Amino acid sequence: MSAQEGASSPPVADYLPPPRHSLRGVYHELLMRLTYDIWQREIRRFSRWPSDRPSRILECGCGPGFLLRFLENWFLGAEFVGLDLDEQLLDSACERTTHAGFVRGSAEEIPLADATFDLLITLHMVEHLPQPLRFIAEARRVLRPGGLLIVATPNPVGIGAKVMGKRWSGWKDESHVALNPPHYWRTLISSHGFTVLKDGTTGLSGIPVFRTLPMALLNWGPLFLFGFFPWMSGEAYVCIATVDE
């Protein structure tokens, strides 16, 4: 998650994690590790590379660098690049990672060469973009044939949004200028030279009761195991697609 260009971006502090060695920081680190582990499994499952790891990975909207650090541990020897607009977040990501490179720029105009990445992943960034179509086109441009695109974004037609109405976190964030239903993203991605390999949505975390114990276990437990599910009523839409060869 990152700060990207939107109508009214939240303060950068909203994206920065708690101090690493504080109790909250340790808890946050553990939660991120459990939450992000699904991506290691999905990347390996859908990989089409000679080995089980990509050689070049780009995260658009890398924020403070949690996912990049885990990617470094999962795919040893790969090259990593993080893209974000905010220098403070890039500084935090640089401190958190060991050998990733960073670029300050917009996901709508990725300042990187054509067909140079095996994997592009972006989690909860596209909803901040005034022109998400331009990002999908840029993702297609920088990915190699057979490369993977992974996108996650809030689902405005999910149960959480319907139950919470204007109180839903997706609507309350004024920087969310591109909240679209799952079929919009699937169609957009498919129309730009990608084949969707797997998509679906997550759980019910948009409803506050499912974020507190004991009900949180009903939401987070399955998510830690499966990541997302083949239904379109969950909190966030997730799509894994490959570049057509």
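The values are calculated or read from the model by the stated rules, or taken from the named source; none is laboratory data. The model shown is predicted, which means the values in this text are computed figures rather than measured ones. Note that each Cβ is placed from the backbone with ideal geometry, even for glycine, and that neighbours are counted across all protein chains shown.
General observations
- Residue within segment 131-147 that is in contact with a Lys or Arg (Cβ under 8 Å, 6 or more places away or on another chain) and either surrounded by 18 or more Cβ atoms within 10 Å (Cβ to Cβ) or in contact (Cβ under 8 Å) with a residue 12 or more places away in the chain (or both) present: yes
- Cβ-Cβ contacts under 6 Å between residues 6 or more apart (or on different chains), taken from a first residue in segment 149-176 that is more than 29 Å from residue 197 (Cβ to Cβ) to a second residue that is hydroxyl-bearing (Ser, Thr, Tyr), are listed as 174/8; 175/8; 175/9.
- Residue that is farthest from residue 124 (Cα to Cα), among those in segment 193-216 that are hydrophobic (A, V, I, L, M, F, W, C) and modelled with pLDDT of 90 or more: 215
- Qualifying residues in segment 56-75 (those that are of a type outside the set (A, V, I, L, M) and farther than 14 Å from residue 33 by Cβ) - the one surrounded by the fewest Cβ atoms within 10 Å (Cβ to Cβ): 56
- Qualifying residue in segment 225-237 (condition: within 25 Å of residue 30 (Cβ to Cβ), surrounded by fewer than 20 Cβ atoms within 10 Å (Cβ to Cβ), under 18 Å from the mean Cα position of the chain (by Cα) and aliphatic (A, V, I, L, M)): yes
- The listed residue being in contact with a Pro (Cβ under 9 Å, 6 or more places away or on another chain), at pLDDT 95 or above and under 26 Å from residue 30 (Cβ atoms), out of 83, 119, 68: 119
- Yes/no for residue 214 being free of Cβ contacts under 8 Å to residues at least 12 places away in the same chain and not aromatic (Phe, Trp, Tyr): yes
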